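Colleague: Sharing a structure, written as structure tokens. Questions coming.
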Amino acid sequence: MIRWRRARLAAAREETPTARTLIFDVEDWPGHLAGQHVDVRLTAPDGYTAQRSYSLATTEGVELTVEGLPDGEVSPYLVGELAVGDEIELRGPVGGWFVWRPGTAPVLLVAGGSGIVPLMAMIRARRKAGSAAPFQLVYSVRTPDARYYGDELDRPEQGLSVTHLYTRVEPRRRIGKEDLPGPGPDVFVCGPTGFVEAVADLLLDLGHDPARIRTERFGG
Ligand SMILES: Cc1cc2nc3c(=O)[nH]c(=O)nc-3n(C[C@H](O)[C@H](O)[C@H](O)COP(=O)(O)OP(=O)(O)OC[C@H]3O[C@@H](n4cnc5c(N)ncnc54)[C@H](O)[C@@H]3O)c2cc1C
């Protein structure tokens with residue numbers, strides 16, 4: 001059953017100058033699939049609560065990567081203030097459609113910004129399972145500094161191809177049809193709403209079967 005659980009921050013690391021990876025110890029965590037997310041709830045001393053969703057970055061433990069939005073309510077706290085040993089509340093795992101289960105079918109992953117998080121969980125789950133499924137990642141991000149999991153994604157991995165598109169350094173590139181393969185793979189697209197909608201349109205133009213395109217919108 002999905003219920004609120006206490007989660008203690010066990011470790012944290014800076015992912016980029018504006019994003020932080022948080023590793024939690026969660027009591028009785030039931031486990032989860034690559035692509036699922038959790039709801040996080042913060043409660044202020046006066047009882048005011050705020051709740052947001054965050055994708056799980058790996059299937060091995062409860063690990064989140066949060067982008068601090070300058071005008072945000074919850075993300076600046078998670079990135080800049082939550083200290084190792086502090087507790088928050090967390091509920092999950094949530095989501096049964098935007099998931100990858102180890103198999104052999106080719107997979108296309110298309111990430112915009114922090115939308116890489118659940119797709120990284122899929123790449124890590126593929127590695128853990130020793131799956132031979134060909135994976136292609138197309139990752140659109142503002143600058144090289146803003147890339148999450150840079151060292152890990154730079155390491156060559158059999159059957160995984162990675163392409164970066166930078167929107168704020170020359171040559172500035174927004175994702176286009178030429179960056180995406182034709183129909184065939186199972187597709188997972190994740191990022192800000194506008195990005196996901198633009199990519200879904202490109203995929204449909206390319207002839208991809210809508211039933212094989214799974215999308216997750218982060219808002220914005
Ligand atoms: C299923 C799901 C999974 C998610 N996973 C992640 C994750 O792994 N990592 C992560 O950092 N975020 C993730 N998000 C987004 C997250 O839930 C929050 O929306 C985000 O952290 C902003 O919350 P906030 O309280 O800081 O900002 P708010 O106070 O809610 O909003 C501040 C401003 O930022 C804008 N905004 C909100 N979300 C975004 C966004 N994603 N991009 C750009 N502008 C935005 C709002 O429109 C508003 O103007 C996910 C969202 C969903 C629905």
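The values are calculated or read from the model by the stated rules, or taken from the named source; none is laboratory data. Being a predicted model, the structure only gives us computed values, none of them experimental. Every residue, glycine as well, gets a Cβ built from its backbone with ideal geometry; the counts of neighbours run over all protein chains shown. Each accessible area value is taken on the protein alone, full model and side chains, heavy atoms only, with ligands, DNA and RNA left out. Shrake-Rupley method; radii C 1.70, N 1.55, O 1.52, S 1.80 Å.
Colleague: Once you have the Cα-Cα distance between Arg3 and Ala211, take 0.36 nm times their residue separation minus that, and quote the gain in nm to one decimal. Could you put the intermediate results ahead of the total?
Modeller: Numbers: separation 208, 0.36 × 208 = 74.88 nm, distance 3.09 nm.
Answer, rounded to one decimal: 71.8 nm.
Colleague: Then there's this: Which of Pro102, His32, Val196 sits closest to the plus end of the dipole of the chain, meaning its Cα is farthest towards the positive end, when Lys and Arg get +1 and Asp and Glu get -1 on the C-beta?
Modeller: Pro102
Colleague: Angle check, please: helix 193-205 long axis (alpha carbons) against the longest principal axis of the chain (alpha carbons), in degrees 0 to 90, nearest 10.
Modeller: 20 degrees
Colleague: How do Trp97, Trp4 stack up against each other in accessible area, from largest to smallest, with a 1.4 angstrom probe?
Modeller: Descending order: Trp97, Trp4.
Colleague: Mind listing P(r) for the range 150-220? All alpha-carbon pairs, 10 Å bins, whole percents.
Modeller: 17, 44, 36, 3
Colleague: Quick one: with all protein chains in place, what share of the accessible area of the chain is carbon or sulfur, to the nearest percent (1.4 Å probe)?
Modeller: Carbon and sulfur together cover 50 percent of it.
Colleague: If you build the convex hull over the alpha carbons only and average its shadow over all orientations, what do you get for the chain? Give it in nm² to one decimal.
Modeller: 12.4 nm²
Colleague: Where does helix 116-129 land angle-wise versus the long Cα axis of the chain, in degrees 0 to 90, nearest 10?
Modeller: Relative to the chain, helix 116-129 is tipped by roughly 80 degrees.
Colleague: Based solely on its DSSP helices, what 222 nm [θ] is calculated for the chain when runs of n ≥ 4 H residues each add -39,500 (n - 2.57) and the sum is averaged over all residues, nearest 500 deg cm²/dmol? Let's see the in-between values first.
Modeller: Values: 4 runs with 38 residues, N = 220.
Here the helix-only value at 222 nm equals -5000 deg cm²/dmol.
Colleague: Which chymotrypsin sites (Phe, Trp or Tyr not before Pro) in the range 7-82 pass both tests, a DSSP loop state and at most 13 other beta-carbon atoms within 10 Å?
Modeller: Tyr48
Colleague: Same structure, new question: With a 10 Å radius around each residue's Cβ, average the other Cβ atoms per peptide and rank 107-114, 60-67, highest first.
Modeller: Top of the packing list down: 107-114, 60-67.
Colleague: Sticking with this structure for a sec: Taking the solvent-accessible surface of protein heavy atoms with a 1.4 Å probe, what is the per residue accessible area of the range 53-165 in Å²?
Modeller: I get 42 Å² per residue for the range 53-165.
Colleague: Right, another one. Work out which trypsin sites (Lys or Arg not before Pro) in the chain are exposed loop sites (DSSP not H, G, I, E or B, at most 12 other Cβ within 10 Å) and give the longest gap free of them.
Modeller: 4-167
Colleague: As a test, work out the antiparallel percent of DSSP beta bridges whose residues both lie in the chain, rounded to the nearest 5.
Modeller: About 60 percent, rounded to the nearest 5.
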